[in-house]
Amino acid sequence: MESSAAGFVKRMYIMHVGKIEMPDVNGMMPGTREHGPASLPVYCYLLEHEKGRVLVDTGLKNEGLGVVGEGEDVVSQLAKMGLAPDDIDYVVLTHMHLDHAAFMDAFPSSTFVVRREELKTAWWPDHFERGYLFAHYAATRDFAFIEPRDDEVVDLFGDGSVQLIDTRGHSRGHQSVLVTLGEGRRFVIAGDAAYFECNLEDWVLPGICTSSVDAERSIAKLRQLQGCGWKLLFGHDSGQESELRIAPDYYE
Ligand SMILES: [Zn+2]
């Protein structure tokens, strides 16, 4: 694909789409001294680009450890912005765990961008693989998918504004999203390659990890970007939320 002049995302919305009530947070940050119950935010992101709208992740449902308030789910929040599922051109999934893929089937006319390895794992996980809930995507088999291979960098619009990078380790086909807004403001939607700031600061591996070695390499990759001035958006960091602009507010 030939890159045209550098482009940018016009607006980025960070939607808070519910919480996970963890009985003991240590399960998510093994090896640390953090213990006890924790309420962890779950996010979806809407990127508006002149060539199309991109939704990153689809959130969770009010089931299991998930708590989703009335009108808080991703479809309701898009509706409040005047958008129907049909208005979403691409759905990028960082990965297919139950707090990221729960509303996949609400977007039948979008093109999904999911790593091939992630799709294969979600559809036929090994027994130790936790976090996938088949019911969330059983109806999506015939949806349109772009299935990047493991280590491919995807430049979604060919202008450098939305790039998907391989950050596997938490899951087999995990990806993070590099977003460039106007005037060079740069964000990394880390997903669960880094749930929390401590994953980067202290080299803490995500509690759910399909490969520790890969997870550490992904953390190294994110640290490198952070060091180069990219703002990291962590997957479930309640401490970061107060410093973020949450939808209906936005970044541009
Ligand atoms: Zn998650």
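The values are calculated or read from the model by the stated rules, or taken from the named source; none is laboratory data. All figures in this text were calculated on a predicted structure; none of them were measured in a lab. FYI the Cβ positions are ideal-geometry reconstructions off the backbone, even for glycines, and counts take in every protein chain you see. Only protein heavy atoms, including side chains, enter the accessible area calculation; ligands, DNA and RNA are left aside. Shrake-Rupley method; radii C 1.70, N 1.55, O 1.52, S 1.80 Å.
Points worth noting:
- Near pairs, Cβ below 8 angstrom, 6+ apart or cross-chain, from the range 35-52 (free of Cβ contacts under 8 Å to residues at least 12 places away in the same chain) to any residue that is away from the ligand (no atom under 14 Å from the Cβ): His35/Asp24; His35/Asn26
- Put simply, of Phe157, Phe187 the only residue that is part of a strand (DSSP E or B) and hydrophobic (A, V, I, L, M, F, W, C) is Phe187.
- Residue match in the range 101-112 (condition: open to solvent by less than 10 Å² (accessible area, probe 1.4 Å), in contact with a Gly (Cβ under 8 Å, 6 or more places away or on another chain) and of a type in the set (Gly, Ala, Ser)): yes
- Qualifying position, being within 16 Å of the ligand (Cβ to nearest atom) and surrounded by fewer than 23 Cβ atoms within 10 Å (Cβ to Cβ), among Leu83, Leu65, Leu60: Leu65
- Test: Ala6 is touching a residue at least 40 places away in the same chain (Cβ under 8 Å), in a loop (DSSP other than H, G, I, E, B) and within 16 Å of the ligand (Cβ to nearest atom): no
- Candidate set: the range 145-163, residues that are open to solvent by 50 Å² or more (accessible area, probe 1.4 Å) and aliphatic (A, V, I, L, M); chosen: the one farthest from Leu55 (Cα to Cα): Val153
- Looking at Gly239, Gly182, Gly191, Gly160, just one residue is small (Gly, Ala, Ser), in contact (Cβ under 8 Å) with a residue 12 or more places away in the chain and closer than 19 Å to Phe112 by Cβ, and that residue is Gly191.
- The residue list Arg223, Arg172 contains one member that is in a loop (DSSP other than H, G, I, E, B) and out of contact with any strand residue (DSSP E or B) (no Cβ under 7 Å at 6 or more places or on another chain), which is Arg172.
- Candidate set: the range 130-145, residues that are within 16 Å of the ligand (Cβ to nearest atom) and in a loop (DSSP other than H, G, I, E, B); chosen: the one modelled with the lowest pLDDT: Arg130
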